[in-house]
Amino acid sequence: MFDPFIAPSGTLLGLLQRGRGDGTLHALAAPRPEALAALNHCVVSDPRHDWQVENRSLYYARLYLDLDGGIEEIERHLADPDDLVDTDDSRTGLALSVLGHLASYGRDDALALLRRYATTGANWTWALDELALRDDDAGLRSLALPVLARFPATDQGAADLAAAVRDSFEPRPWRLWADDPREAVGARVRAAGEQGSFDRWQRQMRPGGPRPGWSVQAVFDWAQQALERGSELHVPAARCLTAVAGPDDLPQIVEAARSGPEGARCAALHYLAEAGEPAVLDLIEAAAVSPSRAVADTAIAAFERMTGAAAVERARRWAHRPDALGASAAGVLACRGAAQDAPQVLGALREAVRGDGPDAPRLWTLVDGAGRLGIACAAPVLRHVYRETSSSHLRGRAARALAATDPSFATGFAVECLWDCEETTREVAALHAETGDIRVAERLRRLAADPAEEAEVQTAVRSRIGPDASAV
C-alpha cells in the first residue's frame, strides 16, 4: 500500500483524514454536500499510515449518522472492478468497518451491503467478521451456501476451507453453520474444523528452533542461520541464551558481542543488555557505528530495552551525539530520565520536529517524555505536533502531554478531543475538558449513552457527570 496523500491540516479534508475532533465539528458546520464528499473520500481512500493500529471507522460512522449520509459511494467502492485484482485488506477494510458500525447503529442498508459483499467480494472474510458481531442468526445462516460455494469440492478447496475456518477472527458464523443439518453445509464445516485442528496439532508436533540441551554456540549458529535466511531472531535467541548459558559462558558471549558474526553478535548484545552486564554499554557504543545495519540497529534496540541506572547515566553522555545512538539516548532520558534531563529531552523534541517533521518516529517517546517530565515550555512544540501529525496515535500522545504541560488544554484542544477518532484521546478529553463549555456538557452526555463507546471512555465521562462529580 502506498502512503496516502494527506491534505493540509487547516482544510476540512485534512482534519477528517487525521481523525481530529475538529474534523467532525467543521463538517457539521460546512455545507452538507461538501462535508459528505470529504467524508466519502476518507472512507474509500484510507488515509491511515498504519491501518492496523489507527482507528477511524467509528469516527467516520458517527459522522455519517450526524450528516444523515448515504452509503452509495461505499457501495460503488466495494463493487469496483479493482476488488477482483487488489485483494489487500487495506483497500476495503476501512469501508467494511464503517459499515459494521453503521449496522450496529441500526442502519439496515449497511447490514444488507455487508451481506452482499460477504457473498461476492474479495475481502469477504472481513465482511463476515463484521456480520458475526452484528447480524442475527437467521442472517448468518442465509450466507452459508454462498460462502461455502467459494470452496470447490476438491482437495484444494477442502484445504482452503479448513484454513478459513481455522484462521477466522470471529468463529460465530462457522459454529452456526457446523450445526446446520444440511450435508452440504454442516458436514463440510465440521470436517473443515476437524482438519484445521489436525493441522494445528501437526505444527505443534514439529517445533522449530532450539531444543533442550543446546549449547551457547548452537544458539549462536541458529541466530546466524536465521539472519542468512532473512529472518531476525535476535531477541528469541537471547531468551534461549538465558536458558542455556552459565557463568562460564560469559567470556564467549562477550566476545561474540564484540566481534562475532552478525547473527551471533546481535543475539549476544540483546542477552547482555537484558542481563545488565556492565560491559555491554561499551559494546553497544562500538556496535552502534558498525557498517552492518543489522548490528547497528540491534545495538540501539538493545540499549533502549535497558532499564538500570547505568543505562540512564550513559544516555546522558550520549544524548549530545548527532547520530542514531544520540537520538536513542534522548528517548531513554524521555522514558526514564529525571527532572535534570528536561533540557536534553526538550532539545531533542525540537530537533526532531525541525529536522524530520511532525510524523518522525522518534517523536513518540519524546512527546511522552515531555509530558512525563512536565516540561511546560514544550507546549508550543506539542501543540504543533498535535495539529500537524497525520498519526492519530501520536496526536493522542501529544494530547496527554499537553494535559500535563499546557494550562490552556482544558479549554482548548481537550474540547475537540471529545470527538477524536482514538478512544484513548477521548478518554483524556473526558477527564480534562472544561465543562463550562456547553458543547462539552452535551458531548459527555452523548458519549455516556452511546453503546458503541469504549468502556474506559464512559468511565471517564461518568467520573465527570456522576452524582459525586461537579455538575455538568
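The values are calculated or read from the model by the stated rules, or taken from the named source; none is laboratory data. Predicted model only: the values in this text are computed from it and were never measured. In this analysis, Cβ positions are derived from the backbone assuming ideal geometry, glycine residues included, and neighbour counts consider all displayed protein chains. Side chains are part of the model used for accessible areas, which takes the heavy atoms of the whole protein and leaves out ligands, DNA and RNA. Shrake-Rupley method; radii C 1.70, N 1.55, O 1.52, S 1.80 Å.
Figures for the structure shown
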| read-out | value |
| --- | --- |
| Boolean, Ile284 is open to solvent by less than 60 Å² (accessible area, probe 1.4 Å) and closer than 24 Å to Gln224 by Cβ | yes |
| Which numbered condition Ser104 misses (of (1) more than 19 Å from Ala191 (Cβ to Cβ); (2) touching a Lys or Arg at 6+ places or on another chain (Cβ under 8 Å); (3) without any contact (Cβ under 8 Å) to a residue 40 or more places away in the chain) | (3) |
| Residues located in the range 348-365, provided they are surrounded by fewer than 20 Cβ atoms within 10 Å (Cβ to Cβ) and under 16 Å from Thr405 (Cβ atoms) | Arg350 |
| Residue in the range 130-152 that is nearest to Asp89 (Cα to Cα), counting only those that are open to solvent by less than 30 Å² (accessible area, probe 1.4 Å) and assigned to a helix (DSSP H, G or I) | Glu130 |
| Qualifying positions in the range 236-254 - of a type in the set (A, V, I, L, M, F, W, C) and within 19 Å of Ala279 (Cα to Cα) | Ala238, Leu241, Ala245, Leu250, Ile253, Val254 |
| Which listed residue, of Asp356, Asp282, is among the acidic types (Asp, Glu) and farther than 30 Å from Val216 by Cα | Asp356 |
| Enumeration of residues in the range 48-97 that are of a type in the set (A, V, I, L, M) and out of contact with any His (no Cβ under 8 Å at 6 or more places or on another chain) | Leu63, Leu65, Leu67, Ile71, Ile74, Leu78, Ala79, Leu84, Val85, Leu94, Leu96 |
| Listing of helices (runs of 4 or more DSSP H) fully contained in the range 68-125 that carry 1 or more residues being more than 26 Å from the chain's Cα centre (by Cα) | 72-79, 82-85, 108-120 |
| Leu366 being of a type in the set (A, V, I, L, M, F, W, C), in contact (Cβ under 8 Å) with a residue 40 or more places away in the chain and within 30 Å of Ala286 (Cβ to Cβ) | no |
| Residues (buried (at least 17 other Cβ atoms within 10 Å of the Cβ) and more than 25 Å from Leu233 (Cβ to Cβ)) located in the range 289-315 | Val312, Arg314, Ala315 |
| Filter result for Asp83 (more than 21 Å from Glu416 (Cα to Cα), open to solvent by less than 20 Å² (accessible area, probe 1.4 Å) and among the acidic types (Asp, Glu)) | yes |
| Selection count, the range 19-54, where residues are open to solvent by less than 50 Å² (accessible area, probe 1.4 Å) and either more than 25 Å from Glu72 (Cβ to Cβ) or not charged (D, E, K, R) (or both) | 19 |
| Identity of the residue in the range 237-262, under 32 Å from the mean Cα position of the chain (by Cα) and within 19 Å of Phe303 (Cβ to Cβ), that ends up most open to solvent (accessible area, probe 1.4 Å) | Arg239 |
| Output for the range 344-365, where each listed residue is among the charged types (D, E, K, R) and either under 17 Å from Ala324 (Cβ atoms) or assigned to a helix (DSSP H, G or I) (or both) | Arg350, Glu351, Arg354, Asp356, Arg362 |
| Number of the exception - Tyr64 against (1) among the aromatic types (Phe, Trp, Tyr); (2) open to solvent by less than 50 Å² (accessible area, probe 1.4 Å); (3) under 22 Å from Thr424 (Cβ atoms) | (3) |
